[in-house]
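Remarks on the structure that follows.
Where a number appears in this text, it was derived from the coordinates with a stated rule and is not lab data. These numbers were taken from a predicted model, which means no experiment stands behind them. Cβ placement follows ideal geometry from the backbone for every residue including glycine, while neighbour counts extend to all protein chains displayed.
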């Protein structure tokens, strides 16, 4: 069974640029969540996708957007990068995304380290 | 607003000792409380989790104690080993809130001295 994978591992961008991060969910999982983890902090929820639809969003501006594809892989896009966007971006997958779902367990990928200069 | 408060920020324990990390929450709608372990350069890995219908869950050397009335839960690591040195995060979520997003504590950096 393949776990959650993310690409790229590291990325360096300059302020104002746009970035796309990618995530492949664990086999059998149809829900993907994205988190931002600043240095020395816990992960902060950005948004979640379930069957290609956004299923909840944290306190992040609209320049953070996402997609989920029919194979349940996902992308996180960030426009107009700011210095504070420098962080580890984590993708997590889980087997059930609907409210009232039995499973809450989320399994994290290794993350993409984004540095904005 | 930090929905889950975690302490201590850092912890140093001798090999064989007990490591204890505490968390507190305010939202009584939370119904799932996992602990994650994170090594440098890696994503968080699920260690153990508990639901509020039980007061304790044990898996090997790791135990979660849950106090629903106090809205507190803690992780106990028995017989701590140098390989346990990592950052530990408590978290909470509410499966009825639509997205079962996790609210994380700020983390505890555990160092186990040989």
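Data overview
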item: Partner chain coverage, peptide B:35-43 - average Cβ within 10 angstrom; result: 4
item: Chain lengthening between residue A:73 and residue A:54 when straightened (0.36 nm per residue, less Cα-Cα); result: 5.5 nm
item: Projected area averaged over orientations for the protein assembly as shown, convex hull of C-alpha atoms, nm²; result: 12.4 nm²
item: Cα gyration tensor category, rounded, prolate or oblate, for region B:1-86 with a/c compared to 1.5; result: prolate
item: Protection proxy ranking of B:34-43, A:3-12 - average other beta-carbon atoms within 10 Å, highest first; result: B:34-43, A:3-12
item: Among A:59, A:30, A:77: highest mean-square fluctuation, GNM of chain A, C-alpha pairs under 10 Å; result: A:59
item: Under the Debye formula (equal points on every Cα, no solvent term), log10 I(q)/I(0) of region A:1-79 at q = 0.20, 0.21 Å⁻¹; result: -0.96, -1.05
item: Fewest-first ranking of A:31, B:106, using other Cβ atoms within 10 Å as the exposure measure; result: B:106, A:31
item: Over region B:42-114: Kirkwood hydrodynamic radius from C-alpha pairwise inverse distances, Å; result: 13.7 Å
item: Potential extension, residue B:29-residue B:81 segment - 0.36 nm per residue separation minus Cα distance; result: 15.2 nm
item: Highest average packing first - B:60-70, A:81-91, A:33-43, Cβ atoms within 10 Å; result: A:33-43, A:81-91, B:60-70
